[in-house]
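The values are calculated or read from the model by the stated rules, or taken from the named source; none is laboratory data. These numbers were taken from a predicted model, which means no experiment stands behind them. In this analysis, Cβ positions are derived from the backbone assuming ideal geometry, glycine residues included, and neighbour counts consider all displayed protein chains. Each accessible area value is taken on the protein alone, full model and side chains, heavy atoms only, with ligands, DNA and RNA left out. Shrake-Rupley method; radii C 1.70, N 1.55, O 1.52, S 1.80 Å.
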Amino acid sequence: MARRLKFIYQKLYSSFGSQRWWPADTPFEVMTGAILTQNTNWLNVEKAINNLKKYKLLQPHRLSRLPHKRLAALIRPAGYYNIKAKRLKNFLNFFIKHYNGSFKKMSRSVLPYLRQQLLSVNGIGPETADSILLYALSKPVFVVDAYTKRILLRHHFISADADYDKIQNLFMKNLDSRVKLFNEYHALLVKLGKEFCLKNKPKCNSCPLKSI
């Protein structure tokens, strides 16, 4: 299994090159983007992020003081804006209460404890928590999303009922625990899922993984 996973990584990297994820100026922007990207595409998230930047609000304490209604209006492009405004507020309350809004202080916590903390915040599930851990805090944890599951299922690495933890363990038990590797691998799978392994009408004949 380890050899097969490494082969996929090498094939994707040679086909697509480095993806340079996560596209953000600060760790806090990554954290915010991880929450906003739930159930939407990145272009919509960028619009919401740009609204916050326009008013210089992309800072933990400033954003936490923003009234819910105003926050919801600014992040409207990301969709489900009232729900996401509430989830952002929940995260901000946690972030400021436990770490005073400092990603450096937060990054000093050990991975298992920090992951448990994030999962206890209402509105943050495994994918969002792990995106924050990997991309904002440089913790070695593999992020699993719908693209990952679809690709692995179609190549018979997993069964249809495989859950998040089972898929994540597949990578973490068979690959070196390195932030850079997990970062690049996940980004490459997203690239493959968006351009070739489509939900409907996948482009199997031109897929970089067609021979595996």
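A few remarks follow.
- Judged by the mean number of other Cβ atoms found within 10 Å, the most tightly packed of the peptides 39-47, 126-134 leads the ranking 126-134, 39-47.
- Distance between the 7 Å Cα→Cβ label points at D163 and L181: 2.6 nm.
- 3J(HN,Hα) along region 70-76: 5, 4, 4, 5, 6, 9, 3 Hz, from the Karplus curve 6.51 cos²θ - 1.76 cosθ + 1.60 with θ = phi - 60°, whole Hz, x for Gly and Pro.
- Subtracting the Cα-Cα distance of H68 and N205 from 0.36 nm times their residue separation leaves 44.5 nm of extension gain.
- The residues of the chain expose, per residue, 53 Å² of accessible area to a 1.4 Å probe.
- Angle between the chain longest axis and helix 179-195 axis [Cα atoms, degrees, rounded to 10]: 80 degrees
- Per-residue Karplus couplings for region 93-103, computed as 6.51 cos²θ - 1.76 cosθ + 1.60 with θ equal to phi - 60°, are listed in order as 4, 5, 4, 6, 4, 8, 10, 6, x, 9, 5 Hz, Gly and Pro entered as x.
- Fraction of accessible area attributable to carbon and sulfur, the chain (%, probe 1.4 Å): 50 percent
- Helical mean residue ellipticity (222 nm; -39500 (n - 2.57) per DSSP H run of 4+; nearest 500) of the chain: -17500 deg cm²/dmol
- Backbone N within region 184-212 under 18 Å of label point (7 Å from W42 Cα along the Cβ vector): 184-199
- Every Cα-Cα pair of region 121-212 was included, and the share exceeding 19 Å stands at 42 percent.
- Residue pairs, from the table K47/K97; K84/K203; K69/K201; K173/K210; K166/K210; K11/K105, whose Cα atoms sit over 30 Å apart: K84/K203; K69/K201; K11/K105
- The chain: relative contact order as a whole-number percent, Cα under 8 Å and 6+ apart: 25 percent
- Extension reserve of the S14-L57 stretch, reckoned as 0.36 nm per residue once the Cα distance is removed: 11.6 nm
- Rule-of-thumb Rg ratio for region 15-154 [Cα; 2.2 N^0.38 Å; N residues]: 1.03
- Folded to 0 to 90 degrees: helix 2-16 orientation relative to the chain principal axis, Cα: 70 degrees
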